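Please read the structure below before turning to the comments.
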Amino acid sequence: MVKWEDYAALKAERDSLAAENGLAAKAVQIFCDVIGSNTDVIAEEMGMEGAKAILAAISATGNMPATDAYLNSVRAEGVEMFANEKLKLSELHARNRDIEMVKANDYCAMIAEAFATQLRGGKDEQS
């Protein structure tokens, strides 16, 4: 049996590691871009094989699909929270018989839910 406190601590640790991983991925991508735009200069110093080896190693390091998927799931949770708030507002406006606001909030919630699906890699195309 797992205590809620243990689960919450593991989730916090996971979120922290994922955030650091996301920053590392961005740093690697920036480094890749700099190396890629200076391949000729590097090749003059190290030879073309050395430059290719550096680019291959950096590219492999920058490919973090599990991190990307996790960060997108966290983003999707936030978007779903927004959608839920819009649905709560919709219920409030329904009690006040403000049909136009109900429609607007329902529409916002629908768009947010579709975007959350995109973030999670659903069938809709990501932008």
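Reachable lysines from LYS26, Cα under 22 Å, same-chain residues fewer than 8 places away excluded? Straight-distance partners of LYS26: LYS52.
Once the Cβ-Cβ distance of LEU17 and ALA114 is raised to the sixth power relative to R0 = 25 Å, the FRET efficiency obtained is 0.30. Charged side chains reduced to their Cβ positions (Lys and Arg at +1, Asp and Glu at -1) give the chain a dipole of some 540 debye around its Cα centre. Relative to the longest principal axis of the Cα atoms of the chain, helix 65-95 runs at roughly 20 degrees. To the nearest ten degrees, helix 99-119 and the longest principal axis of the Cα atoms of the chain are 30 degrees apart. Remark: relative contact order (the chain) = 21 percent; criterion is Cα-Cα distance under 8 angstrom and separation of 6 or more residues. With axes computed from alpha carbons, what is the tilt in degrees of helix 4-37 against the longest principal axis of the chain, rounded to the nearest 10 within 0 to 90? The angle comes out at about 50 degrees.
Could you give the distance between the Cα centres of segment 50-80 and segment 2-20, to the whole Å? Segment 50-80 and segment 2-20 have Cα centres spaced 21 Å from each other. Note on segment 1-63: Cα convex hull, mean projected area over all directions, 5.3 nm². Note on the chain: Cα-Cα pairs beyond 17 Å make up 72% of the total pair count. Relative to the Cα centre, the charge distribution of segment 16-78, modelled as +1 at Lys and Arg Cβ and -1 at Asp and Glu Cβ, gives a dipole magnitude of about 240 debye. Comparing ILE30, ILE111, LEU87 along the charge dipole axis of the chain, the residue lying farthest to the positive side is LEU87, per the Cβ-charge model.
Every number in this text was worked out from the coordinates using simple rules, so none of it is lab data. Not measured: the values here are computed from a predicted model. Note that each Cβ is placed from the backbone with ideal geometry, even for glycine, and that neighbours are counted across all protein chains shown.
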